[in-house]
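Some notes on the structure that comes next.
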Amino acid sequence: MRMRKKKNADARLASHEGLVLSQPESPIEGKAGRELYLEIGAGKGGFAIEMARRNENADYYAMERVRDCIVLAVEKADAEGRPANLRFIIDGADNLPAWFASGSVDRIYLNFSDPWHKKGYFKRRLTYRKYLSLYFTLLCDGGELCFKTDNAPLFDFSLEELASVDLTPYLVTRDLHASPYAEGNVMTEYERGFVAEGKPIHKLCVKKPAGYIPHYTEPKKAKAEAEEAL
Ligand SMILES: C[S@@+](CC[C@H](N)C(=O)[O-])C[C@H]1O[C@@H](n2cnc3c(N)ncnc32)[C@H](O)[C@@H]1O
């Protein structure tokens, strides 16, 4: 997300003590009797705030790598009465293993992730198999990943990436708002814009099968270069 630099970002963040985490200490394991939800690429935080509010029995972590987005997110959260179960993390998805213990997460949300449509950039997509492997390491058995996008090519890519690591969604819709799954849907900032433009929203959800072990390994350089050239 491109965003104009926020003035006094450090001071503004500091005034929302306890809401923002910027350095992982020991990996978060989750608390007994409570679920752990994680959103990656939370943007301005509207979805996170509403989800935390609706799910009091879950601890909700919203990760976003753009600090200026987090400034807006925390200000919104506190202006609306901060849900006690919400934390924002300023970091990128590559660092997830430093933040969360394996098997600790019940749900992962990816909403309107950047499509990275330019040739050779597909490995940056948050549904690329490398990231799926990270997510399905963090998820507990039966835990699930949910993904929404307006971007049909990114959605197709994501289905292919899931198939490549032997995962099959239990929910797929290419028009969420005209489907029975619209009920209870929490809209994100981007989603509101796309819906206003009349764009259909695609959604998938996939559960981690019991005993599933992610099997992605980073391709060797030559193979990686061959893939980039495709
Ligand atoms: C298109 S915006 C969508 C924001 C929000 N989810 C929404 O639907 O309104 C994508 C967001 O993902 C964030 N993002 C992209 N790659 C990321 C990564 N590797 N780790 C964490 N956040 C990332 C971007 O900074 C941006 O804020």
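The values are calculated or read from the model by the stated rules, or taken from the named source; none is laboratory data. Since the model is a prediction, treat every value here as computed from it, not as a measurement. Cβ atoms come from the backbone with ideal geometry, glycine included; neighbour counts cover every protein chain shown. The area values use the complete protein model at the heavy-atom level, side chains included, leaving out ligands, DNA and RNA. Shrake-Rupley method; radii C 1.70, N 1.55, O 1.52, S 1.80 Å.
Tallying residues that are open to solvent by 70 Å² or more (accessible area, probe 1.4 Å), farther than 15 Å from E64 by Cα and outside any helix (DSSP H, G or I) within region 1-20 yields 6.
Here E189 clears all of (1) open to solvent by 50 Å² or more (accessible area, probe 1.4 Å); (2) modelled with pLDDT under 95; (3) not aliphatic (A, V, I, L, M) except the condition numbered (2).
Tell me, yes or no, whether region 168-182 has at least one residue that is touching a residue at least 40 places away in the same chain (Cβ under 8 Å) and not β-branched (V, I, T). Looking for residues that are touching a residue at least 40 places away in the same chain (Cβ under 8 Å) and not β-branched (V, I, T), one finds none in region 168-182, hence no. Which members of region 93-104 meet the condition of being within 12 Å of the ligand (Cβ to nearest atom), open to solvent by 20 Å² or more (accessible area, probe 1.4 Å) and under 30 Å from R174 (Cα atoms)? Within region 93-104, just D94 meets the criteria.
Quick grid of which residues meet (1) more than 10 Å from the ligand (Cβ to nearest atom); (2) at pLDDT 95 or above; (3) open to solvent by 20 Å² or more (accessible area, probe 1.4 Å); (4) within 15 Å of the chain's Cα centre (by Cα):
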position	(1), (2), (3), (4)
I89	no, yes, no, yes
P115	no, yes, yes, yes
D141	yes, yes, yes, no
T149	no, yes, no, yes
F157	yes, yes, yes, no
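The combined condition, being open to solvent by 40 Å² or more (accessible area, probe 1.4 Å) and at pLDDT 95 or above, is fulfilled by R107.
Counting residues in region 62-85 that are polar (S, T, N, Q), away from the ligand (no atom under 11 Å from the Cβ) and open to solvent by less than 30 Å² (accessible area, probe 1.4 Å) gives one or more.
Between E35, E56, the distinction of being within 25 Å of G103 (Cα to Cα), charged (D, E, K, R) and open to solvent by less than 80 Å² (accessible area, probe 1.4 Å) belongs to E35 only.
It is to be established whether one or more residues within region 98-107 are on the phi > 0 side of the Ramachandran plot and within 18 Å of the chain's Cα centre (by Cα). Checked against the condition, which is being on the phi > 0 side of the Ramachandran plot and within 18 Å of the chain's Cα centre (by Cα), region 98-107 yields at least one hit.
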